[in-house]
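Novice: Before I ask anything, here is the structure I am working with.
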Amino acid sequence: MAPTLAQRHLPRPARDWAEIQERMLVPLYEAVYERFEVGRHSHVLGLGCGSGLALVMAAARGATVTGTDTDEARLELARQRLLPEPQWGARHWTARVLPGGPDGGPDGAALREGPPPTLVTAFDTLPDAAVLARVAQAAGRGVPVVLAGWGPAERCAAAP
């Protein structure tokens, strides 16, 4: 039996998030980057970067970006957006996409390597206090940390 039209066109959950839901957060990303004057002298560390749209927007402003996430499907979309193949003639920007927890995996690569962050974001990800303490210590005093979610965790389907 042939699949129905709906079955053939069902996107994978990560791509569905990236193409439909994530766009709703663009005004938030823009407001944060405007408020903190993200530009070519910025290094944005995106904790739980998801499919990378927020980091693409920061990179388009000239920022160096680093993103981490534990969801491999979303992380692959972030890689495609931020680290495109050179033959496609995409813009070149300084970006790193790392698997693992908010601090860049078990060895903390997101915090150890590259320039220290000038802005840390956690859009739709609420890192635990221990992770935030490590990030704050590595980032240094005075580095802004922006935490944003969809609402209370018990009412938010996107946050496990």
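All of the numbers you see were taken from the coordinates with simple rules; none came from a lab. Computed from a prediction, not measured in an experiment: that's the story for all the values here. Cβ placement follows ideal geometry from the backbone for every residue including glycine, while neighbour counts extend to all protein chains displayed.
Novice: Once the Cβ-Cβ distance between residue 94 and residue 37 is put in as r, and R0 is 25 Å, what FRET efficiency do you end up with, to the nearest 0.05? Before the final figure, lay out the partial values.
Specialist: Numbers: r = 18 Å, r/R0 = 0.72.
E(calc), rounded to 0.05, equals 0.90.
Novice: Which FRET efficiency value, to the nearest 0.05, is calculated for residue 16 and residue 80 with the Förster distance at 22 angstrom and r the Cβ-Cβ distance? All intermediate terms of the calculation are to be shown ahead of the outcome.
Specialist: Details: r = 15 Å, r/R0 = 0.70.
Step by step, r from the Cβ atoms, then E = 0.90.
Novice: Modelled label-to-label distance, residue 24 and residue 134, 7 Å Cα→beta-carbon offset: nm?
Specialist: So the two model labels end up 3.1 nm from each other.
Novice: If you don't mind, another one. What nm distance separates the two modelled labels at residue 145 and residue 113, each placed 7 Å from Cα along Cα→Cβ?
Specialist: According to this spin-label approximation, the distance is 2.3 nm.
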